[in-house]
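Down below is the structure, laid out as structure tokens.
The values are calculated or read from the model by the stated rules, or taken from the named source; none is laboratory data. Note that the coordinates shown come from a computational prediction; the quantities given were computed from them, not determined experimentally. Please note: Cβ atoms are built from the backbone with ideal geometry, for glycine as well, and neighbour counts cover all protein chains shown. Side chains are part of the model used for accessible areas, which takes the heavy atoms of the whole protein and leaves out ligands, DNA and RNA. Shrake-Rupley method; radii C 1.70, N 1.55, O 1.52, S 1.80 Å.
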Amino acid sequence: MIWVYRLGFLALLVVLWILAAQQFGRNVVPTPLATFEAAQRLIAEGRLLSALGASLTVYLSGYALAIVCAIPVGVVMGGFRILGKTLEIYVFALAATPRVAFIPLIIVIMGLGVDAKVFIIFLGALMPILINTYAGVLAVDDELVEMARSVGSSRQRIFISIVLPSAVPFVVAGMRLGATIGLINTVVAELYTAVSGLGGLLAIYGNTFRMAEYFVVVITLAMVGVVVTEVLRHFETRLARWRGAN
């Protein structure tokens with residue numbers, strides 16, 4: 001049933017899009033038909049798929065690296081309270097610092113290649129996942145942990161059966177935030193470093209006022225965000241079943 005509402009809202013957005021094209025002119029807001037024709041041209045020329053492949057490569061690499069690093073660090077910080085209290089002020093300070101501020105330094109150290117882009121995405125996705133994982137471990141019910149200890153449960157058993165399942169919703173929420181910020185940082189990285197990928201196409205078509213092609217790239221980025229969100233939603237459902245089993 002929810003898909004009916006989503007399709008209805010999509011139809012409303014298309015109608016508003018058409019009205020905006022009529023109001024502001026096709027040179028500013030292209031019609032849906034002009035955008036569709038531009039998408040066909042970009043696909044036929046291979047530009048869109050090539051740029052999409054390049055962006056997805058650096059995006060997924062940086063995002064995966066952030067997950068691999070952030071979750072264990074967040075778990076350790078939450079599991080060892082003194083360590084967490086010691087490091088959290090520095091983690092929050094880094095999280096509050098705009099990632100763009102690090103880009104010149106990253107370029108100087110790592111150059112303009114793929115490694116620099118991956119690291120920029122990694123920085124963007126890291127903090128939300130780490131902070132939410134840390135919060136999830138801290139949010140575990142202390143009384144439940146004490147009850148498990150009183151019946152002789154080992155630390156490993158408590159960690160697997162109580163701490164991790166309790167932290168799952170927080171971790172997935174962090175992964176969603178990290179995925180969104182990572183996608184934004186993908187475009188930023190491609191604009192600041194060697195102009196390539198979907199960010200490069202945005203710069204090229206935006207600077208030349210080829211708005212139909214520009215809209216194609218924007219819609220492609222939105223679709224990538226939708227796909228990643230749905231994958232994480234499915235992953236959350238699977239984790240919820242595991243959490244219930246424990």
Considering the stretch 43-97 alone, what residues qualify as being among the small types (Gly, Ala, Ser) and closer than 14 Å to Gly136 by Cβ? Ala70, Gly74, Gly78, Gly79, Gly84
Arg176: part of a helix (DSSP H, G or I), at pLDDT below 80 and open to solvent by 40 Å² or more (accessible area, probe 1.4 Å), yes or no? no
Pair list, Cβ < 8 Å and 6+ apart or interchain, from the stretch 61-77 residues that are over 14 Å from Phe122 (Cα atoms) to residues that are polar (S, T, N, Q): Val73/Thr133; Gly74/Asn132; Gly74/Thr133; Val75/Thr133
So, in the stretch 44-55, how many residues would count as being within 29 Å of Leu16 (Cβ to Cβ), open to solvent by 50 Å² or more (accessible area, probe 1.4 Å) and not small (Gly, Ala, Ser)? 2
Could you please find all residues in the stretch 1-11 being open to solvent by 90 Å² or more (accessible area, probe 1.4 Å) and more than 26 Å from the chain's Cα centre (by Cα)? Met1, Val4
Quick one: in the stretch 190-210, of everything that is of a type in the set (A, V, I, L, M, F, W, C) and farther than 15 Å from Leu48 by Cα, which residue is surrounded by the fewest Cβ atoms within 10 Å (Cβ to Cβ)? Phe209
Can you report the number of residues in the stretch 17-43 which are open to solvent by less than 90 Å² (accessible area, probe 1.4 Å) and in a helix (DSSP H, G or I)? 12
Somewhere in the stretch 217-226, is a residue open to solvent by less than 20 Å² (accessible area, probe 1.4 Å), under 19 Å from Met110 (Cα atoms), in a helix (DSSP H, G or I) and touching a residue at least 12 places away in the same chain (Cβ under 8 Å)? no
When the stretch 86-114 is checked residue by residue, the ones that are of a type outside the set (A, V, I, L, M) and either over 18 Å from the mean Cα position of the chain (by Cα) or open to solvent by less than 70 Å² (accessible area, probe 1.4 Å) (or both) are Thr86, Glu88, Tyr90, Phe92, Thr97, Arg99, Phe102, Pro104, Gly111, Gly113
In a helix (DSSP H, G or I), closer than 22 Å to Arg6 by Cβ and at pLDDT 85 or above - does that describe any residue in the stretch 185-208? no
Would you check if there is a residue in the stretch 97-111 being more than 26 Å from Leu232 (Cα to Cα), of a type outside the set (Val, Ile, Thr) and not in a helix (DSSP H, G or I)? yes
Within the stretch 63-79, identify whether any single residue is modelled with pLDDT under 85, surrounded by 12 or more Cβ atoms within 10 Å (Cβ to Cβ), touching a Ser or Thr at 6+ places or on another chain (Cβ under 6 Å) and among the aliphatic types (A, V, I, L, M), and answer yes or no. no
